[in-house]
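One structure is given here, and the rest of the page talks about it.
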Amino acid sequence: MRSFLVTSSCGRAHCTLKDHAMTAEAPERILRLNSVLDRTGLSRSTLYRKIQDGTFPRQIRIAARCAGWRESAIAAWLRNPVYYQADDELARQMSLPPIYAAEDHPR
């Protein structure tokens, strides 16, 4: 369990909260295009061609004009790039918790 110190608007600490929702697993990271290109060694055009062919994970929408890739999807591709099929990854992603854009996140 993690403990968070809550401060008032004046900056003084007034209480401690326990966060019971934290899990042992690290949250899923989103990688942007340059990070994906660095990790895979692919060129931009090859990456997008592989997405069209279904041999590379599809990006997910982060915001209206912003997209990225799940780090776990890139790791799965790196483990077996020759035989990777995006359909297999789609089935696996359906079991992952959703990733919200900042404006879509429930409060």
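Summed over region 59-83, the residues that are in contact with a strand residue (DSSP E or B) (Cβ under 8 Å, 6 or more places away or on another chain) and without any contact (Cβ under 8 Å) to a residue 40 or more places away in the chain give a count of 6.
When ARG65 is tested against (1) within 19 Å of the chain's Cα centre (by Cα); (2) of a type in the set (D, E, K, R); (3) more than 27 Å from ALA26 (Cα to Cα), just one condition goes unmet, and that condition is (3).
Where a number appears in this text, it was derived from the coordinates with a stated rule and is not lab data. Just so we're clear, the structure is a prediction, and the values are computed from it rather than from any experiment. FYI the Cβ positions are ideal-geometry reconstructions off the backbone, even for glycines, and counts take in every protein chain you see.
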